[in-house]
1. I'd like the full set of residues that are more than 14 Å from the chain's Cα centre (by Cα) and closer than 22 Å to LYS157 by Cα, limited to region 60-76.
2. Does any residue in region 107-119 that is under 30 Å from TRP134 (Cβ atoms) come within less than 7 Å, Cβ to Cβ, of a residue that is assigned to a loop (DSSP other than H, G, I, E, B) and open to solvent by 30 Å² or more (accessible area, probe 1.4 Å) six or more places away or on a different chain, and which pairs are these?
3. For region 149-178, enumerate the residues that are modelled with pLDDT of 65 or more and part of a loop (DSSP other than H, G, I, E, B).
4. Does region 20-37 hold any residues that are open to solvent by less than 70 Å² (accessible area, probe 1.4 Å) and either among the aromatic types (Phe, Trp, Tyr) or under 19 Å from GLY110 (Cα atoms) (or both), and which are they?
5. What are the pairs, 6+ residues apart or on separate chains, where a residue within region 42-53 that is closer than 26 Å to HIS65 by Cα and surrounded by 14 or more Cβ atoms within 10 Å (Cβ to Cβ) has its Cβ under 7 Å from a residue that is among the small types (Gly, Ala, Ser) and at pLDDT 90 or above?
6. Can you tell me how many residues in region 120-133 are open to solvent by less than 30 Å² (accessible area, probe 1.4 Å) and in a strand (DSSP E or B)?
7. Can you name the condition, by its number, that ASP52 falls short on among (1) over 13 Å from the mean Cα position of the chain (by Cα); (2) closer than 19 Å to TRP158 by Cα?
Amino acid sequence: MSLQLHQTLEMGDYSSLKLPPGFRFCPTDQELVLHFLYRKASLLPSHEIIPDLHHLHPLDPWNLHGKALSSGNQWYFFAHMMEFESQQQVTENGLWKQLDVQQPIFSDSGNKIGIKNYLVYYIGQHPAAIETNWMMHQYHLCNSSSPKRIRKSDYHKWVLCRVYQSTENCCQSFNCTDECGNDEDDDDDGTELSCLDEMFLSLEDDLDDISLPN
């Protein structure tokens, strides 16, 4: 990790961690569990770009800017399992409500490595809370044996969260596609196309900002 990047992360300014035009931090569910959540929980060396916000969570989604890792319209952060034992997580201005849906996550070899839960953000307090299009994907490790050097309770306390604004009704969109345009139930043929679309759109935005001389 470069000195400049290390200083940026120490200051908590994750919003300034920007990739070149056309590039996005757009990992699959499998990559989030294997390369980030598992390594975090196992105390293994990892890419230290996703911050730990367990001391701040739960937050209203618009307060994640500058605290969580942002990429496009998505925000990533770690939190503790104990904060998600309730079906509703109350924030300053609303609450996160968990849907009664879980999606298993598998490795390339077919082993179950994690679980993805879905939460919807509501503004206001129960029973007058209003549903919004803010959603959270919450990733858990499976109840498999933890590394011997780590207590099982410490291993399973971590969750990884991805927050975004859905363009559809939240209760209809949770099982359709992920926010990178990947249909996780289909083949991988559409994955690269969607990421390329984002790259070209980003390049078009940059070209619009360039004024040619007369």
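1. Listed by number, the list holds a single entry, ASP60.
2. Short answer, once both residue conditions are applied: TYR118/PHE174.
3. ILE150, ARG151, HIS156, LYS157, SER166, THR167, GLU168
4. PHE25, PRO27, THR28, ASP29, GLN30, LEU32, VAL33, LEU34, PHE36, LEU37
5. Matching pairs, first to second residue: PRO51/ALA68; LEU53/ALA68; LEU53/ALA79.
6. Going through region 120-133 one residue at a time, the tally reaches 3.
7. That leaves (1) as the condition not met.
The values are calculated or read from the model by the stated rules, or taken from the named source; none is laboratory data. As the structure is a prediction and not an experimental result, all values here were calculated from the model. Reconstructed Cβ throughout: ideal geometry from the backbone, glycine too, with neighbour counts over all protein chains shown. Just so you know, the surface numbers come from the protein's heavy atoms only, side chains and all, with ligands and any DNA or RNA stripped out. Shrake-Rupley method; radii C 1.70, N 1.55, O 1.52, S 1.80 Å.
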